[in-house]
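Below is one structure, written out as structure tokens; comments come after it.
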Amino acid sequence: MTLSAITVLLNALSEAKYLKDGKIVKIESGQLTKHAKPFEVLPGFNLECYPNRDSTIYKEAYGIESAHTILRGTLRYKGYSSAMDTLLQIGLFKTDKMNLSSFTWGDLTKHMLGDRHMSTTDCKKKLLALFDGDRLRVQTVVKLGLLDSSPIPAGLNSPIDALVDKLASSLMMPPDETDVIIMNHSVGVRLPSGKREMHRSNLVVYGEENGWSAMSKTVGLPVGIAAEMMMNGEIKERGLVLPFTKSIYEPMIAKLAMEGIVERREVESDDLD
């Protein structure tokens, strides 16, 4: 089980909203990739983070009405947002119908830049100008095969359809590689004494060689455990039930730990005494 390529790409086009210092911050559609920030909590992974849709709904859902800052973010390796923004600016996220039957990958990229028949050298120069001399962005286009002379497969009728097909095939995880799922919760609190603490919960799950991927385990196991809990009468509620009550999430966390999915908690204090 994994996210589809089209879902990943369309997420870069979504709007976002979060709370910062008591004020709501809104990010317009198509601007999300420009708001990625370095994520230094787990420095060994070299991550970046950008807002994920509407974070403000968690104020009520989690009962944290007094919180001044609430942000749900997406974690990616550094460079991901820049790569997505590169493809977005070229125009490869467009959904306009096109006849791509005679196009190569290079033809499509050149067409989106204004001249399908320009040379590859001129195309690279145009990319350099578009991205203010950022050669890494040009290399992103090259390494993804978007200047290749191979034909675009039949049946793809828009730039985003073609891009999805290209990424799904060229970035597919080979059998000898494993994935990793990373999740972090950082909660800053001020105690009645005035002392401030940062409570962190980190979850890092690796896929198995020639076995289950981390995505499969972290998505599939909670669903399976919830189904088992319902059949055993441990979950008595019916309908759409969110796992926000201790009677649901505490036994589920314990069962996940038995499967090797364990969070690591730590507390940082500003108390220097």
Does Asp176 satisfy the criteria of being modelled with pLDDT under 95, open to solvent by less than 60 Å² (accessible area, probe 1.4 Å) and charged (D, E, K, R)?
-> no
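Which one is nearest to the chain's Cα centre (by Cα), of the residues in the stretch 32-70 that are of a type in the set (Ser, Thr, Tyr) and within 28 Å of Leu242 (Cβ to Cβ)? Break it down into steps so the answer makes sense when it comes.
We begin by selecting, within the stretch 32-70, every residue of a type in the set (Ser, Thr, Tyr); these are 33, 50, 55-56, 58, 62, 66, 69.
With within 28 Å of Leu242 (Cβ to Cβ) added as a condition, the list becomes 50, 55-56, 58, 62, 66, 69.
Numbers: Tyr50: 8, Ser55: 15, Thr56: 18, Tyr58: 19, Tyr62: 22, Ser66: 28, Thr69: 21 Å.
Of everything passing the filter in the stretch 32-70, Tyr50 is nearest to the chain's Cα centre (by Cα).
When the stretch 116-129 is examined, which residues are found to be surrounded by 11 or more Cβ atoms within 10 Å (Cβ to Cβ) and either in contact with a Leu (Cβ under 6 Å, 6 or more places away or on another chain) or farther than 20 Å from Gly145 by Cβ (or both)?
Matches in the stretch 116-129: Thr120, Lys126.
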Sole miss for Ile253 among (1) exposed (fewer than 14 other Cβ atoms within 10 Å of the Cβ); (2) hydrophobic (A, V, I, L, M, F, W, C); (3) free of Cβ contacts under 8 Å to residues at least 12 places away in the same chain is condition (1)
Pairs only if they're at least six apart or on different chains, beta carbon under 6 angstrom, first in the stretch 128-156 and among the polar types (S, T, N, Q), second part of a helix (DSSP H, G or I); list them, first residue then second.
-> Thr140/Ala83; Thr140/Thr86; Ser149/Gly106
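Output the residue which, of all residues in the stretch 114-134 that are assigned to a loop (DSSP other than H, G, I, E, B) and not charged (D, E, K, R), is farthest from Lys166 (Cα to Cα). Can you show your working first?
Step one: filter the stretch 114-134 for residues assigned to a loop (DSSP other than H, G, I, E, B), giving 114-119, 131-134.
Those still in the list that are not charged (D, E, K, R) too: 114, 117-119, 131, 133.
On the way: Gly114: 21, His117: 21, Met118: 22, Ser119: 21, Phe131: 22, Gly133: 25 Å.
Residue satisfying both the conditions and the ranking: Gly133.
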Using beta carbons and a limit of 6 Å, which pairs, at least six apart or on different chains, have the first residue in the stretch 226-246 and exposed (fewer than 10 other Cβ atoms within 10 Å of the Cβ) and the second one modelled with pLDDT of 90 or more?
-> none
Check whether at least one residue in the stretch 200-223 is on the phi < 0 side of the Ramachandran plot, in a strand (DSSP E or B), among the charged types (D, E, K, R) and open to solvent by less than 60 Å² (accessible area, probe 1.4 Å), and report yes or no.
-> yes
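Part of a loop (DSSP other than H, G, I, E, B) and open to solvent by 60 Å² or more (accessible area, probe 1.4 Å): is that true of Ser149 in this structure? Explain how you work it out, then say what you get.
Working: part of a loop (DSSP other than H, G, I, E, B): yes; open to solvent by 60 Å² or more (accessible area, probe 1.4 Å): yes.
Answer is yes for this residue.
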Asp132 being of a type in the set (Asp, Glu), exposed (fewer than 15 other Cβ atoms within 10 Å of the Cβ), farther than 23 Å from Asn11 by Cα and at pLDDT 95 or above = yes
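The values are calculated or read from the model by the stated rules, or taken from the named source; none is laboratory data. From a predicted model like this one, the values you see are computed outputs, not experimental measurements. Every residue, glycine as well, gets a Cβ built from its backbone with ideal geometry; the counts of neighbours run over all protein chains shown. Side chains included, ligands, DNA and RNA excluded: accessible areas come from the protein's heavy atoms. Shrake-Rupley method; radii C 1.70, N 1.55, O 1.52, S 1.80 Å.
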